[in-house]
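See structure below.
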């Protein structure tokens, strides 16, 4: 039995992962935003499911929440930074307030949780940090550029973190889901209030495609949960775990195009040093 700490367990990936872990006999401490959600989560499996009232954008609340779990539930074996949301709108269309809030939740919130849990994991020389990003943390799409930026940021932080903590016995895995049948493109998506006609063929077209595909995504959150658990419990967990055929296709195409461009411009890139 392991103890998992998961942010955002009221719905989506967080809920699916929590339910799968509880079925397997693990203890799960999950963050929720109100007392009603806390009670509902704990009813899933009394004595194994523990709701934690916490807003990831409140640094003090994060520290209290992690400390509460460590003190009352037990040593956290795995922390999953799942809390986050999407922001739809071209870079010019969204407000700076929307940009800042996107990073507050998707990036700074995750970092706050990591900083709160690491002292405990360092002391034990054990632990696993799982950060949920997106295929949009490795490949980009018009109309969600700020969301892409937040996930790219968490990707970079996670890769560096993995190098920082490896010798301490702490593991890091970055999970990059494609399109799954969750609330991400629906209730959990914020939208621009100022669409600009010039972006109708790019950001606007992607906005329409999100609306059309919402609720029809091929990805199964339950299977994603099982894949995450399998990866974490593996003897050699991956640093990167893509989920879904679309993630494999889009990220594969991005990496191939990047490699081709690097090679094409290699002579120019290599010609910028001082002479020997």
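Details
- Comparison of 149, 137 shows that the only residue that is within 30 Å of residue 200 (Cβ to Cβ), without any contact (Cβ under 8 Å) to a residue 60 or more places away in the chain and touching a helix residue (DSSP H, G or I) at 6+ places or on another chain (Cβ under 6 Å) is 137.
- Output for region 225-257, where each listed residue is within 19 Å of residue 172 (Cβ to Cβ) and either surrounded by fewer than 15 Cβ atoms within 10 Å (Cβ to Cβ) or modelled with pLDDT under 95 (or both): 230, 233, 234, 235, 236, 238, 239
- Residue in region 141-159 that is farther than 23 Å from residue 98 by Cβ and within 20 Å of the chain's Cα centre (by Cα) present: yes
- Residue count for region 8-44, restricted to those that are surrounded by fewer than 19 Cβ atoms within 10 Å (Cβ to Cβ) and farther than 19 Å from residue 76 by Cα: 10
- Residue match in region 180-203 (condition: farther than 19 Å from residue 243 by Cα, surrounded by fewer than 22 Cβ atoms within 10 Å (Cβ to Cβ), in contact with a strand residue (DSSP E or B) (Cβ under 6 Å, 6 or more places away or on another chain) and modelled with pLDDT of 95 or more): no
- Among the residues of region 145-171, those that are crowded, with 19+ Cβ neighbours inside 10 Å and outside any helix (DSSP H, G or I) comprise 170, 171.
- Residue that is farthest from residue 229 (Cα to Cα) [pool: residues in region 250-274 that are without any contact (Cβ under 8 Å) to a residue 40 or more places away in the chain and touching a helix residue (DSSP H, G or I) at 6+ places or on another chain (Cβ under 9 Å)]: 269
- Helices (runs of 4 or more DSSP H) within region 197-274 that include 3 or more residues under 26 Å from residue 2 (Cα atoms) and under 21 Å from the mean Cα position of the chain (by Cα): 221-233
- Residue tally, condition farther than 30 Å from residue 70 by Cα and surrounded by fewer than 21 Cβ atoms within 10 Å (Cβ to Cβ), over region 96-144: 8
The values are calculated or read from the model by the stated rules, or taken from the named source; none is laboratory data. Just so we're clear, the structure is a prediction, and the values are computed from it rather than from any experiment. Cβ coordinates were reconstructed from backbone atoms using ideal geometry, including for glycine residues, and neighbour counts include every protein chain displayed.
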